[in-house]
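What follows is a short report on a single structure.
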Amino acid sequence: MMDEQDFKKRADEALSHLHRALIGAADDYGFDVDFNAGALGIEFEDPPGKFVISPNTPVRQIWVSALAKSYKLDWDIVENSFVHTESGETLKELIERVVSKQLKEEVSL
């Protein structure tokens, strides 16, 4: 298991990268993005909804709350990314899928 400092660095890099990708897509797809206190929020007006992506340092995971579900992602050395162990999706792939489902259109980040 990685140490706390390494986890925080990797989580911050992953969330910052995702934040930049979401900012680039927000105007095109009509949602708002907020990055505050280490957590990333995505808010939708139509249909209404809010997704939250945040690091959980004690367990070294990134947690995603979206579509009334909770997804827990672990660091994957091979993918060099946080990965949802059940689906095998990287953080970016998971967010693309849940945002696409929320908006009922294909979203590419």
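Throughout, read-outs are computed from the coordinates displayed, never taken from laboratory work. Here the structure is a predicted model, which is why all the values come from computation and not from measurement. A quick note on method: Cβ atoms are made from the backbone with ideal geometry, for glycine too, and the neighbour counts reach across all protein chains shown.
Taking the Cα centre of region 4-103 as origin and assigning +1 to Lys and Arg Cβ atoms and -1 to Asp and Glu Cβ atoms, the resulting dipole is close to 280 debye. For the chain, the Kirkwood hydrodynamic radius from C-alpha pairs, put into Stokes-Einstein at 4 °C and a viscosity of 1.567 mPa s, yields a diffusion coefficient of 93 µm² per second. Available extension along the chain between Lys8 and Asp76 is 23.0 nm, counting 0.36 nm per residue and deducting the alpha carbon span. Compared with the rule-of-thumb size 2.2 N^0.38 Å for a compact globular protein, region 3-61 has a Cα radius of gyration ratio of 1.23. The stretch between Glu93 and Glu45, if pulled fully straight at 0.36 nm per residue, gains 15.1 nm over its current Cα-Cα span.
Taking every C-alpha pair closer than 8 Å and separated by at least 6 residues, the mean separation divided by the residue count of region 4-103 gives a relative contact order of 17 percent.
Fully extending the segment from Ala68 to Phe35, taken as 0.36 nm per residue of separation minus the present Cα-Cα distance, adds 9.8 nm.
If you take the beta carbon distance between Glu106 and Asn56 as r and set R0 to 25 Å, what does 1/(1 + (r/R0)^6) give as a FRET efficiency, to the nearest 0.05? Once rounded, the FRET efficiency stands at 0.25.
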